Amino acid sequence: MTTPVTAVVVTYNSAADITALLDSLPAAFEGCPHEVVVVDNGSRDGTADLVAARGGVTLVRSVNNGFAGGVNTGVRAGASDGPIFILNPDATVAPGAVAAMLEVLAQPGVGIVAPLMREADGSLSPSIRRAPTLLRAGGLSFTRLPAFAERVEDPSQYESQRDVDWAVGAALLVSRECYDGVGGLDESYFLYSEETEFCLRARDLGWRTVFTPTAEVTHIGGGSGESPTTHAMKMVNRVRLYARRHGRIATSMYYAVAVLTEVRRGILGHTASWTALRALVRPRSRAVALGAGGSLIPR
């Protein structure tokens, strides 16, 4: 008998989205034994009560320990020791998607499977990424040149199965062996970069992250809202991820490029970049939840 898949959903003020996701899961899991665990990170909009009113879902009411903390809590709360399907609450999963992803997960060396992502209007959502590098720190994804672009924009790259460096964490199927081997998601990131770090660390240990177009997930995006504060978290975490994987000189250069990039974005009208810039140059202004206020270059 196939070991059940544990779907883990982390919610935070997700009342507008969670019902659609949970409604999509029976068809998505058709023919696949599974359990659904929802970890609510202290929502104030009734999300937890909506989930509690449904049958067939394990609800964990939690404080806000961030996305990674919520995922790890959900995995511990599950009864199965099978694969883990990490999902954002503002996603819906296409019928039969899980079986298609499990077929890929069964291939040699595969530890993580990323599905094809679509926007709410059905258009392609570019969700696969290249590893962070110094040249890719400048926010030049619009060039679509691989040397400068972390985000993979070319639609042809989404037409067939391929190994990738990492993929957006709104929907990832992870083998239990890979999850346990990596040690779960790194909770120090709180929000953003945790999926990047997990995929890269899994690769360090010999696990492949594979994209497949045979399974589809629609991701509305920003269901819990992005603010200047969360944008600042994103940029601080990008720097600390690079710092944890590279030497002092390379990290200093990456940090400098990140600072200049936020200056450029701010001048061009991206007002949240000024908050991110302040967080980058003033450690004490960083979100306490990150625990990254002790040094100029966050680690």
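For the chain, the longest principal axis of the Cα atoms and the long axis of helix 194-204 meet at an angle of about 90 degrees.
Close amide H partners of THR11, meaning residues 5 or more places away or on another chain with modelled amide H under 5 Å apart, are VAL39, ASP40, ASN41. Given their separation in residues at 0.36 nm each and the Cα-Cα distance between them, HIS246 and VAL263 gain 3.7 nm when the chain is fully extended.
Around PRO146, what is the net charge, scoring Lys/Arg as +1 and Asp/Glu as -1 over all other residues with Cβ under 15 Å from its Cβ?
Numbers: positive: ARG129, ARG130, ARG136, ARG144, ARG151, ARG162; negative: GLU150, GLU153, ASP154, ASP163, ASP165.
Cβ neighbours under 15 Å give a net charge of +1.
Label zone of ALA27 (point 7 Å out along Cα→Cβ, amide N under 11 Å): in the stretch 94-129 this covers 94-97. The P(r) of the stretch 109-228 has a tail past 25 Å containing 22 percent of all C-alpha pairs. Taken as Cα centroids, the stretch 106-162 and the stretch 180-210 sit 17 Å apart, rounded to the nearest whole angstrom. Give, as ranges by residue number, the residues of the stretch 24-58 whose backbone N falls under 20 Å from the point 7 Å along Cα→Cβ of THR214. Flagged as within label range: 27-34. Relative to the 2.2 N^0.38 Å rule of thumb, the stretch 222-299 has a C-alpha radius of gyration ratio of 1.05. The peptide list 157-166, 32-41, 177-186, put in order of mean Cβ contacts within 10 Å with the highest first, becomes 32-41, 177-186, 157-166. As a length-normalised measure over Cα pairs under 8 Å and 6 or more apart, the relative contact order of the stretch 5-219 settles at 26 percent.
Under the simplified labelling scheme, the SER227-ASP163 pair shows an inter-label distance of 4.2 nm, with each label point 7 Å from Cα along Cα→Cβ. The length gained on full extension between ALA20 and VAL63, counted as 0.36 nm times the residue separation minus their Cα-Cα distance, comes to 13.1 nm. Calculated translational diffusion coefficient of the chain (37 °C, 0.692 mPa s; Stokes-Einstein with Kirkwood radius over alpha-carbon pairs) equals 168 µm²/s. Just so you know, the Cα atoms of the stretch 24-159 work out to an Rg and Dmax of 17.6, 49 Å.
The numbers here are math on the coordinates, done by the rules we state, and not lab data. Keep in mind it's a predicted model, so treat the numbers as computed, not measured. With ideal geometry, Cβ positions are generated from the backbone for all residues, glycine too; neighbour counts draw on all protein chains shown.
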